[in-house]
Amino acid sequence: MSKNAKAKLKIYQEAQQKRAKMSAAKWHERKQELIKRAQEIEGSISLDDIVHDLKSAEASSINNEGTSAQIDYIIEQYGEEKGLAIIEKVLS
């Protein structure tokens, strides 16, 4: 994983921790404010790019952890039955 991707992932994780400490009502209020601001300046900022970079960093991290982490992730995302079916199909 590149240094840039690691830095972005760290920022995302820190933001998640801060949000977890915030009350649900306070977070909802803050989120609505952010949504409004983002919609007002749409086009000049790309939240899509940020999300893409974060998910790419997450995927890189999972892949770098090895096959066990990849299998765990696939099962977590698809559920046991479908995840195992996908893995079996790839391995056949």
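Screening ALA25 against (1) modelled with pLDDT of 75 or more; (2) within 20 Å of the chain's Cα centre (by Cα); (3) aliphatic (A, V, I, L, M) leaves a single unmet condition, (2). Among the residues of the stretch 12-37, those identified as of a type in the set (A, V, I, L, M, F, W, C) and exposed (fewer than 12 other Cβ atoms within 10 Å of the Cβ) are ALA15, ALA20, ALA24, ALA25, LEU34, ILE35. In summary, helices (runs of 4 or more DSSP H) completely within the stretch 40-92 and bearing 2 or more residues that are under 15 Å from the mean Cα position of the chain (by Cα) occur at 47-65, 67-78. Screening the candidates ILE75, ILE86, ILE50 for the property of being without any contact (Cβ under 8 Å) to a residue 40 or more places away in the chain, closer than 27 Å to LYS6 by Cα and of a type outside the set (Phe, Trp, Tyr) yields one hit, ILE75.
The values are calculated or read from the model by the stated rules, or taken from the named source; none is laboratory data. Remember, it's a predicted structure, so these values are computed and weren't measured experimentally. Note that each Cβ is placed from the backbone with ideal geometry, even for glycine, and that neighbours are counted across all protein chains shown.
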